[in-house]
Amino acid sequence: MAEIKQVGVLGAGLMGHGIAQVAAQAGYEVVLREVDEQTLTKGIHKIEKQLARAVEKGKSTREDSEAVRGRIHGTVHYRDLAPCDLVIEAITESLALKLEMWRELDEIVKPEAVFATNTSSLAVIDQAASTGRPGQFVGLHYFNPAQVMKLVEVVRCVTTTDAAFDVALQFARSEGKLAIPTKDKAGFIVNRLLVPYMLDAIRAYEEGVGSVSEIDDAMKAGAGHPMGPLALSDFVGLDTLGSICDVLFDEFRERRFAQPPTLRKMLSAGWFGRKSGMGFYDYSGEAPVSNPGI
Ligand code: CAA
């Protein structure tokens with residue numbers, strides 16, 4: 001299998017822009033693809049902001065930051081991913097959209113390249129089997145913010161070859177990440193444990209155990225978590241959380257994975273957390289305040 005020099009990243013959203021930045025910081029040439037110029041520019045601006053902040057804080061030199069930026073090539077065309085050695089998808093968490101995308105890319109990207117999905121919960125095999133290279137298909141699951149969180153779950157599905165799995169493991173390690181191998185079971189390690197915890201926090205709120213901020217403050221001060229579970233749900237995105245629990249519930253049929261009514265109603269209202277400005281907290285002011293509507 002070819003040495004990885006060029007990495008394709010599909011999607012410049014919450015996860016994709018971070019995945020692209022981390023790969024460029026590790027010295028890889030990155031082709032970052034979005035559906036249109038406006039969305040692409042938004043993602044690239046986020047990267048530029050992070051790089052500028054690193055220079056301001058003295059964590060990086062201007063030359064290094066410029067070199068990282070120079071390694072990221074934005075595009076709206078699949079054809080620009082043709083020479084990539086590894087392609088990581090971080091598009092919307094919809095199996096139908098992912099399959100449609102892989103069908104197009106499979107024809108374009110060189111046959112020896114490895115494909116990876118950053119899915120949070122969908123079965124990796126369902127995507128692998130839709131391509132002509134199911135042996136060269138893995139999960140590379142990053143955590144938000146990808147630039148900061150140490151972990152990458154490296155997911156092996158039933159068709160993944162040893163060689164492709166090793167390429168993925170070594171790649172994640174070369175980015176300075178802690179690469180933990182996991183099996184292709186819904187939620188892998190982290191979301192299988194973290195999602196029921198976040199859902200339980202919503203149920204605790206519904207049962208009146210505490211207010212939104214009391215639940216969050218209690219878990220920060222009492223369990224040493226950097227964020228409380230409701231702030232974390234907003235941070236992950238309530239739409240993403242909702243789709244992860246649907247997949248987990250479908251797979252395991254256990255109440256602990258079911259969407260609590262409050263989450264369901266918030267999704268109907270279009271409250272997706274930080275990304276939409278409203279979730280368990282209202283982000284429209286200087287500092288987040290509890291959302292009075294829930
Ligand atoms: N991109 C890049 N860097 C970021 C960042 C971002 N979006 N957000 C924060 N940072 C950096 C800051 O620049 C800062 O860097 P320095 O230490 O170099 O100055 C550092 O992270 C700490 O940030 P802050 O001081 O602003 O704030 P903080 O100390 O509260 O940390 C946090 C912010 C890192 C997000 C922290 O609150 C945290 O770790 N929260 C938990 C995050 C978490 O659990 N993520 C996993 C979610 S689950 C998931 O992603 C999987 C899934 O499939 C759903």
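Please treat every number below as a calculation from the coordinates, not as lab data. Please read these numbers as outputs of a predicted model, since none were measured by experiment. For neighbour counting, all protein chains shown are included, and Cβ atoms are generated from backbone atoms with ideal geometry for every residue, glycine included.
Table for the structure above
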| quantity | calculated |
| --- | --- |
| Low-density loop cleavage sites - GluC sites (Glu not before Pro) in the range 110-178, where at most 11 other Cβ are within 10 Å (DSSP) | GLU112 |
| GNM top mover of GLY208, GLY176, GLY74 - the chain, alpha-carbon springs below 10 Å | GLY208 |
| 3J(HN,Hα) from dihedral phi, the range 74-86, Karplus parametrisation 6.51/-1.76/1.60, rounded to Hz, x for glycine, proline | x, 7, 10, 10, 4, 4, 6, 8, 3, x, 5, 8, 9 |
| DSSP beta bridge pairing in the range 6-183, given as percent antiparallel to the nearest 5 | 15 |
| Approximate spin-label separation LYS183-LYS220, in nm, with each point projected 7 Å along Cα-to-Cβ | 3.8 |
| Estimated dipole of the chain in Debye, rounded to 20 [Cβ of Lys and Arg +1, of Asp and Glu -1, Cα centre] | 380 |
| Alpha-carbon radius of gyration plus Dmax, which is the widest Cα pair, for the chain in Å | 19.3, 56 |
| Proxy reagent accessibility, fewest Cβ within 10 Å first, across ARG253, ARG133 | ARG253, ARG133 |
| For TYR197, TYR281, order by how many other beta-carbon atoms lie within 10 Å, fewest first | TYR197, TYR281 |
| Separation of alpha-carbon centers, the range 244-294 and the range 215-237, rounded to whole Å | 14 |
| Helix axis angle, 95-108 relative to the chain longest principal axis, alpha carbon, degrees | 10 |
| Top of ALA67, ALA221, ALA23 by mean-square fluctuation, Gaussian network on the chain, Cα under 10 Å | ALA221 |
| When the convex hull of its Cα atoms is projected in every direction, mean area for the range 1-143 (nm²) | 8.1 |
| Tilt relative to the chain, helix 16-25 - C-alpha long axis, 0 to 90 degrees, to 10 | 50 |
| Label-reachable residues, the range 83-97, where backbone N falls under 12 Å from a point 7 Å from VAL35's Cα toward its Cβ | 91-94, 97 |
| Using distinct alpha-carbon pairs, which all enter the 1/r mean, Kirkwood radius of the range 86-222 in Å | 16.3 |
| Aspartates and glutamates whose Cα lies under 17 Å from that of LYS275, excluding same-chain neighbours fewer than 8 positions away | GLU93, ASP234, ASP239, GLU286 |
| The chain - mean residue ellipticity at 222 nm from DSSP helices (-39,500 (n - 2.57) per run, n ≥ 4, rounded to 500) | -14000 deg cm²/dmol |
| Long-range amide H partners of GLY74 with built H, under 5 Å | LEU32 |
| Two-site FRET efficiency, VAL76 against LYS110, from Cβ-Cβ distance with R₀ of 22 Å, rounded to 0.05 | 0.60 |
| Using alpha-carbon coordinates, inclination of helix 238-252 to the longest axis of the chain, degrees | 80 |
| Extension gain (nm, one decimal) between LEU267 and GLN170, 0.36 nm per residue minus Cα-Cα | 31.1 nm |
| Descending principal axes extents, the range 191-280, alpha-carbon based, whole Å | 34, 27, 23 |
| The range 191-280, dipole about Cα centre (Lys/Arg Cβ +1, Asp/Glu Cβ -1), debye to the nearest 20 | 120 |
| LEU99-VAL148 pseudo-label distance in nm [points 7 Å out on the Cα-to-Cβ vector] | 3.7 |
